[in-house]
Every structure is written in structure tokens, then in C-alpha cells.
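Engineer: The following block contains the structure, expressed as C-alpha cells.
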Amino acid sequence: MIPNVLVSISGLPKTGKTHLAFTFPEPIKVFSFDVGSDFVRTKFSDKAIDVQNFTLPIVEAEDETWALPVWEAFYTEYKRIVEGQDYQTIVIDTATAVESILRQAILEEFQESKPAKKKLATNEYVARNLRMNALFTRARNNGVNLVTIQYLREQWVRREGSDKAEPTGLLIVDGWNQTEGLADINIEMTTKEKTVVVGNKPARKTVMIATIKSNRFDREQNGQAFEDTNYNEIIALLLGG
């Protein structure tokens with residue numbers, strides 16, 4: 001029996017992250033903070049995929065409270081869906097957006113008693129960490145697959161003796177930095193152009209490349225890359241499913 005898995009899929013925009021997530025076992029529930037989910041869903045007309053969109057408000061004032069209502073609406077529904085166990089797979093598209101919303105929501109909670117507060121102190125990120133951790137723990141404990149989708153961002157570090165951060169040239173997960181530690185499988189998406197034959201004529205085609213960065217099932221497969229892959233192919237490699 002194949003266990004439920006927690007999977008992190010990261011990549012730059014338009015590299016096939018959502019497409020790969022939608023190949024997971026159905027029925028699928030998608031918590032979408034990205035307009036692309038509805039479009040990608042049209043490519044899976046034969047699958048049971050329910051997309052719930054969360055539209056972020058237009059914020060024009062620095063002191064405007066907006067994140068707390070969005071987070072509470074999302075998390076209330078997330079708990080109901082996970083504990084109901086009516087779906088085999090839950091997709092958060094994107095978890096980059098969810099972490100950003102949660103961070104602002106926690107700040108707004110503090111501002112209820114301290115209106116002048118502008119940002120979270122280091123020790124106040126504990127609340128963010130606990131709530132993000134709960135997303136993974138609830139899915140694991142209730143036997144559903146969880147796919148979190150993240151963008152990538154350039155890594156900046158402050159080198160010894162310098163008071164300014166500098167870019168390293170490396171891309172890292174944009175969002176919660178503990179994501180890949182909690183996921184069973186970490187996948188990074190890229191694309192490449194290749195030549196294919198269409199009607200006896202060569203043509204250029206863009207293919208999705210999914211690379212297994214790390215996993216807890218078969219470490220020898222770390223670094224393995226797939227073209228235009230899906231859930232079944234990845235699980236068969238890692239778990240023999």
C-alpha cells in the first residue's frame with residue numbers, strides 16, 4: 001500500500017509546478033492563491049479537481065488590516081477539508097503566498113494591542129512556524145497527500161566582515177524555510193527546449209523537467225530528473241508503487 005506523501009514542488013514561474021501537482025491521486029482539493037490553477041485544471045477535464053480561489057484585496061494603506069481575514073478563512077477551510085478526508089490530495093498553490101499572508105496576519109494580531117508595531121521581532125516568528133508546521137502535520141495525520149507549491153528566489157547572505165547582504169547566485173525556496181525539511185519529497189521544476197518530429201518535420205517543444213532534490217525513501221534517487229513526468233512515475237521510482 002502506498003502511503004500518503006508530503007511533497008514540495010518549487011520552481012520559477014511557468015515551469016509546470018501546478019501541472020505536476022494535478023497528476024496526483026484524485027479527488028484533488030486546490031487552495032489557490034494563483035490565477036493559473038483554473039487554467040491548468042482545464043487540461044485535466046477527466047479528473048475530479050476542485051479549485052477554491054482566495055482573492056487578495058487591493059491594499060493601498062500601510063495600516064490596513066487585510067491578511068488576518070484571508071488567513072482565517074483559508075485555515076478554517078483547510079482544517080475542515082483535511083479532517084473530512086474526502087480528498088486524496090490537497091494542493092496549496094502557492095505556499096509562498098500562504099506564508100506571506102500568515103506572516104502579515106500574525107503582525108496584525110500583535111497590532112491589535114500595539115498599533116504602532118511595524119514588523120515582527122525574531123522571537124515572534126514562533127507563531128508563524130507553529131501554524132505552518134500544522135499544515136503538514138494535519139495532512140500527514142489524516143492520511144492525505146499534501147503538495148505545497150513554492151516559487152524560488154535568489155539567495156542573499158551577509159559575508160563575514162560586511163554589513164551588507166550580497167547575492168550568491170543560488171536559488172532557494174521562497175516562503176517558509178522549513179518546508180523542505182518536513183516534505184517527504186522535494187522536487188525542483190525547470191524547463192528546456194528540445195527538437196521533436198511533427199508530421200515528418202522537426203519542431204521545437206518545451207518540456208518540463210522535474211528533479212528530485214531530496215527524499216526520505218531512496219536517497220540514491222536524489223538528483224534524478226524526469227521529462228514531462230507525473231505522480232505515478234515518481235512514486236514508482238521511489239516506492240515501487
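The values are calculated or read from the model by the stated rules, or taken from the named source; none is laboratory data. Not measured: the values here are computed from a predicted model. Cβ coordinates were reconstructed from backbone atoms using ideal geometry, including for glycine residues, and neighbour counts include every protein chain displayed. Side chains are part of the model used for accessible areas, which takes the heavy atoms of the whole protein and leaves out ligands, DNA and RNA. Shrake-Rupley method; radii C 1.70, N 1.55, O 1.52, S 1.80 Å.
Engineer: So between residue 80 and residue 109, what do we pick up on full extension, going 0.36 nm a residue minus the alpha carbon distance?
Structural biologist: Length gained, residue 80 through residue 109: 8.1 nm.
Engineer: For segment 134-241, what relative contact order do you get, as a whole percent, if you take Cα pairs closer than 8 Å and at least 6 residues apart?
Structural biologist: Computed over segment 134-241, the figure is 16 percent.
Engineer: Further question: Quick one: helix 126-141 against the long Cα principal axis of the chain, what's the angle to the nearest 10°, folded into 0 to 90?
Structural biologist: 40 degrees
Engineer: If you don't mind, another one. Can you tell me the order of 155-161, 219-225, 65-71 when each peptide is scored by its average per-residue count of other Cβ atoms within 10 angstrom, highest first?
Structural biologist: The most tightly packed comes first, giving 65-71, 219-225, 155-161.
Engineer: For the chain, what is the accessible area per residue in Å² when the probe is 1.4 Å?
Structural biologist: Averaged over the residues of the chain, the accessible area is 55 Å².
Engineer: For the chain, take the longest principal axis of its alpha carbons; what is the angle in degrees between that and the long axis of helix 67-84, to the nearest 10 within 0 to 90?
Structural biologist: Its long axis makes an angle of about 50 degrees.
Engineer: A 24 angstrom limit on the alpha carbon distance is what I want to check against. Which of 118/164; 29/79; 17/43; 14/201; 164/213 exceed it?
Structural biologist: 14/201; 164/213
Engineer: To continue, here is another question. Rounded to the nearest 20 Debye, what is the dipole magnitude of the chain about its Cα centre when Lys and Arg each give +1 and Asp and Glu each give -1 at the C-beta?
Structural biologist: Here the chain has a charge dipole of around 540 debye.
Engineer: Roughly how many percent of the accessible protein surface of the chain is carbon and sulfur, given a 1.4 Å probe and a whole-percent answer?
Structural biologist: 49 percent
Engineer: I'd like the FRET efficiency for residue 126 and residue 158, computed as 1/(1 + (r/R0)^6) with the beta carbon distance as r and R0 of 25 Å, rounded to 0.05.
Structural biologist: The value I calculate is 0.60.
Engineer: Arranged from highest to lowest average of other beta-carbon atoms within 10 Å per residue, in what order do the peptides 72-82, 182-192 appear?
Structural biologist: By packing density, highest mean first, the sequence is 182-192, 72-82.
Engineer: Using only Cα atoms, find the angle between the long axis of helix 95-111 and the longest principal axis of the chain, and express it within 0 to 90 degrees, rounded to the nearest 10.
Structural biologist: The answer is roughly 10 degrees.
Engineer: Could you point to the residue in 106, 56, 95 farthest towards the positive end of the chain's charge dipole, with +1 and -1 charges on the Cβ of Lys/Arg and Asp/Glu respectively?
Structural biologist: 95
Engineer: To continue, here is another question. On a straight-distance basis, which aspartates and glutamates could pair with residue 194 in a cross-link, Cα separation under 15 angstrom, same-chain partners fewer than 8 positions away excluded?
Structural biologist: Output for residue 194: 227, 228.
Engineer: Also: Hey, what number do you get for the chain at 222 nm if only DSSP H runs of n ≥ 4 count, each worth -39500 (n - 2.57), divided across all residues, to the nearest 500?
Structural biologist: Computed ellipticity for the chain at 222 nm equals -9500 deg cm²/dmol.
Engineer: Here's another thing I want to ask about it. Between residue 52 and residue 26, what length comes free when the chain is fully extended (0.36 nm per residue of separation minus the Cα-Cα distance, one decimal in nm)?
Structural biologist: Net length gain for the segment: 7.8 nm.
Engineer: So, one more: Looking at the chain, send over the antiparallel percent of its DSSP beta bridges, to the nearest 5.
Structural biologist: Around 50 percent of the beta bridges assigned by DSSP in the chain are antiparallel ones.
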